[in-house]
Amino acid sequence: GHRIALSAPGQAALGAPFGVSVGMPIGVNAARAELELGYDPRLLQVIGVGGGGADPVTIVPTQPGRLVLRTKTASKGGNEAITVQFRVIASAAAETQVAPTSAQIVDAQGRPLALSAPPPHALRIAP
């Protein structure tokens, strides 16, 4: 099966912003996509979202440390990534992760596409 791609730096400094990019695999024609991301709200704060080309992306916070990325046309055959901007709000160096917990992707006919969520991404917070 296909897997959603996630890329992010392996390290971020205290107080610094960084981006986590999420993209559809090439050749997957998704009409709607929802991806849930988990993170530690004591260490990281979401400050915005961008990308997805002209497609509107909304962030739905579901609870502290959990958000759903919702995009209308996740991909038109291209592979436009959505980038979630985080800021490190930790007060000291730490190890943490950003973990995609679930993915729901449907095509134009409303059929679910079999896409697995990527594995958790480890992030080192540097002093």
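Brief remarks on what is shown
- Magnitude of the charge dipole for the chain, about its Cα centre and with charges confined to Cβ atoms of Lys, Arg (+1) and Asp, Glu (-1), is about 80 debye.
- Stretching Gln11 away from Arg42 to a fully extended chain increases their span by 9.5 nm, per 0.36 nm per residue minus the current alpha-carbon distance.
- In this simple spin-label model, placing a label point 7 Å from the Cα along the Cα-to-Cβ direction at both Ser116 and Arg3 gives a separation of 0.6 nm.
- For the chain, the solvent-accessible area of protein heavy atoms averages 51 Å² per residue (probe radius 1.4 Å; ligands and nucleic acids excluded).
- Take 85-97, 104-116 and order them by the average number of nearby Cβ atoms within 10 Å per residue, most first; the result is 85-97, 104-116.
- Computed from the Cβ-Cβ distance with R0 of 22 Å, the FRET efficiency linking Ala108 to Arg66 stands at 0.20.
The values are calculated or read from the model by the stated rules, or taken from the named source; none is laboratory data. None of the values given here were measured: they were computed from a predicted structure. Reconstructed Cβ throughout: ideal geometry from the backbone, glycine too, with neighbour counts over all protein chains shown. What goes into the accessible areas is simple: the full protein's heavy atoms, side chains included, and nothing from ligands, DNA or RNA. Shrake-Rupley method; radii C 1.70, N 1.55, O 1.52, S 1.80 Å.
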